[in-house]
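Student: If you scroll down you'll find the structure; I have some questions about it.
The values are calculated or read from the model by the stated rules, or taken from the named source; none is laboratory data. Please read all numbers here as calculations on a predicted model, not as lab measurements. Glycine gets a Cβ as well: all are built from the backbone with ideal geometry, and neighbour counts include every protein chain shown.
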Amino acid sequence: MVNGFEALEIRDFSQINASVVRFVHQKTGAELYYITNDDTDRVFDLTFRTESPDDTGIPHVFEHAILNGSEKYPSRQLYDNLEYQTYNTFMNGYTYNRYSTYPVASLSEAQLLKLADFFTDSCFHPLVMEDESIFRTEAWRYRLNDPNDPLTIEGTVYSEMLGRRSVERNSYLNALGVMFPGTTLGNEHGGDPYHIPELTWEAVKDYHEKYYHPSNCIAYLYGRFEDYAAFLKLLDGYFSEYDKKEFTHTESGYEPITEPVVESFSFPVEKGSNTEHASIIYYAFICPGLKEDREQELILNTLTDLLNDDASVLHQSFREALPYGDLHCYIELYGPDDAVGFVARNVDPGDAEVFRQVVDKALADTAEKGFPADQVDSVMTSMSLSALQAREVCDPVEKVVLPKVDYDVSSIEPWNYEDFEDSLTLMDKWNEQGLYVKAISDWLVGNQSTALVTT
């Protein structure tokens, strides 16, 4: 037991010469992962599982709002001062589809402890709860410079999202909405400028009460600490103000698709724009039960990397059928079910059925013939080397902590990220045992729960 936290598990993370200790806060159930190695670029992070109930961008607005001061640090300029006048190597907040995260890094352990206090107090006691002007600055407000001028809308998030809306972003959200009907996954977590003005200050305050609780929090420490226990003591001081609360992040309205679904969406562009080869097509296989089978999930996760290889049958077939397009394969872990997705970019709407046929045939051929051993060895070696180089790029937030956050939030069990990194050394063994061929046959070939979504 360390300052209110119990160490439950420890495991090696050899790719970054680290050990990872999993702590749980005894009073609230908050999790903390301490990734300890010899890196002096130390990281502190708080992550909250959040959702987007609509397209108003409420998690994004709140991310901006909480860095505008807190009860203990009541200054709306302090964040900028800390960012540019301290030894920090990283300071930011991020809003993603299923979580909001607040990482900060510093080469000074003493300074990182102070920055951690600022970030933690901002998350749990933000001034926006009492000051509506912060909401108006960050979300949206009316502007009328002169009585004869038109009434306009401005705001930090509103303006940011005017520039962030793209066919790329929309196509992914469209695909999620079709893949997982009845869920909030297709909502714009950053905020749709058409809907941001529907957001109210009261909704932002309610959002904080709903999600920003220690029982819904995962904290992270990374690097070499002389006194890591001081950070646990800091967190315990905040967390202990709360009683444990049960959080369930299941989508009660989810209605799994059981047959092929085909949808098409439009995205507005400026008049006169060249829209040839400007569409994006998602073709996804929904895999109920995969999330509960860690080994199969890892096999399919690494399978997507084999399929992404330029030498794969899939890529060769795609280049022949759609030479002007780009292809990518990935595993979708955010949904209530896992899915394996194929994305064709720089294509045309009429290519959807061709794309489906290319993928289906390539998967069937691969399920019959498997992957050549030298191809698997090449991909495995490349990915393993990239993992080992994470320490060499001097960016532990982007290369270590945030990838782990992403896996932790989307998993139903701990250690998914470490398991994935370890699995990179097993790809040749799995191929020799025929597990990739079996996984394609079991989960993809003949699967009728598919979504073909064109934007």
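Student: Just one of Arg76, Arg98 is at pLDDT below 95 and within 30 Å of Asn170 (Cα to Cα); which is it?
Tutor: Arg98
Student: Now for a separate question. Say we look at the stretch 106-161 and pick out the residues that are buried (at least 21 other Cβ atoms within 10 Å of the Cβ) and small (Gly, Ala, Ser); which of these is nearest to Asp395 (Cα to Cα)?
Tutor: The selected residue is Ser106.
Student: Now, a different point. Read through the list (1) buried (at least 16 other Cβ atoms within 10 Å of the Cβ); (2) closer than 23 Å to Arg98 by Cβ, then give the number of the only condition that Asp348 fails.
Tutor: With (1) buried (at least 16 other Cβ atoms within 10 Å of the Cβ); (2) closer than 23 Å to Arg98 by Cβ applied to Asp348, the lone miss is (2).
Student: Further question on the same structure: Would you mind telling me which numbered condition in (1) touching a His at 6+ places or on another chain (Cβ under 6 Å); (2) surrounded by fewer than 16 Cβ atoms within 10 Å (Cβ to Cβ); (3) under 29 Å from Glu292 (Cβ atoms) His328 fails?
Tutor: Among (1) touching a His at 6+ places or on another chain (Cβ under 6 Å); (2) surrounded by fewer than 16 Cβ atoms within 10 Å (Cβ to Cβ); (3) under 29 Å from Glu292 (Cβ atoms), the lone unmet condition for His328 is (1).
Student: Report, ordered by the first and then the second residue, all pairs with beta carbons closer than 6 Å, sequence separation of six or more or different chains, a first member in the stretch 253-278 that is on the phi > 0 side of the Ramachandran plot, and a second member that is exposed (fewer than 13 other Cβ atoms within 10 Å of the Cβ).
Tutor: His277/Tyr324
Student: Looking only at the stretch 194-236, count every residue that is of a type in the set (S, T, N, Q) and not in a helix (DSSP H, G or I) and tell me the total.
Tutor: Number of matching residues: 1.
Student: Here is a further query. Mind listing whichever residues of the stretch 158-186 are closer than 22 Å to Ile66 by Cα, of a type outside the set (D, E, K, R) and within 19 Å of the chain's Cα centre (by Cα)?
Tutor: Once the filter is applied, which keeps residues that are closer than 22 Å to Ile66 by Cα, of a type outside the set (D, E, K, R) and within 19 Å of the chain's Cα centre (by Cα), the stretch 158-186 yields only Met161.
Student: Could we say that Phe90 is within 19 Å of the chain's Cα centre (by Cα), assigned to a strand (DSSP E or B) and aromatic (Phe, Trp, Tyr) here?
Tutor: yes
Student: Can you tell me which residue is surrounded by the fewest Cβ atoms within 10 Å (Cβ to Cβ) among those in the stretch 352-381 that are over 23 Å from Val262 (Cβ atoms), aliphatic (A, V, I, L, M) and more than 28 Å from the chain's Cα centre (by Cα)?
Tutor: Among those that are over 23 Å from Val262 (Cβ atoms), aliphatic (A, V, I, L, M) and more than 28 Å from the chain's Cα centre (by Cα), it is Ala373.
Student: For Glu71, only one of the following conditions fails: (1) crowded, with 21+ Cβ neighbours inside 10 Å; (2) touching a His at 6+ places or on another chain (Cβ under 8 Å); (3) over 18 Å from Asp408 (Cβ atoms). What is its number?
Tutor: Failed condition: (1).
Student: For the stretch 420-444, what are the residues that are touching a Ser or Thr at 6+ places or on another chain (Cβ under 9 Å), of a type outside the set (Phe, Trp, Tyr) and closer than 18 Å to Glu292 by Cα?
Tutor: Result: Ser423, Ile440.
Student: Evaluate the following for Asp406: is it under 30 Å from Phe265 (Cβ atoms), at pLDDT 95 or above and over 27 Å from the mean Cα position of the chain (by Cα)?
Tutor: It is false that Asp406 is under 30 Å from Phe265 (Cβ atoms), at pLDDT 95 or above and over 27 Å from the mean Cα position of the chain (by Cα).
Student: Among Tyr96, Tyr102, which is the only one that is assigned by TED's automatic domain parsing to the domain that holds Gly190, touching a Gly at 6+ places or on another chain (Cβ under 6 Å) and buried (at least 18 other Cβ atoms within 10 Å of the Cβ)?
Tutor: Step by step, each of Tyr96, Tyr102 is checked, and only Tyr102 is assigned by TED's automatic domain parsing to the domain that holds Gly190, touching a Gly at 6+ places or on another chain (Cβ under 6 Å) and buried (at least 18 other Cβ atoms within 10 Å of the Cβ).
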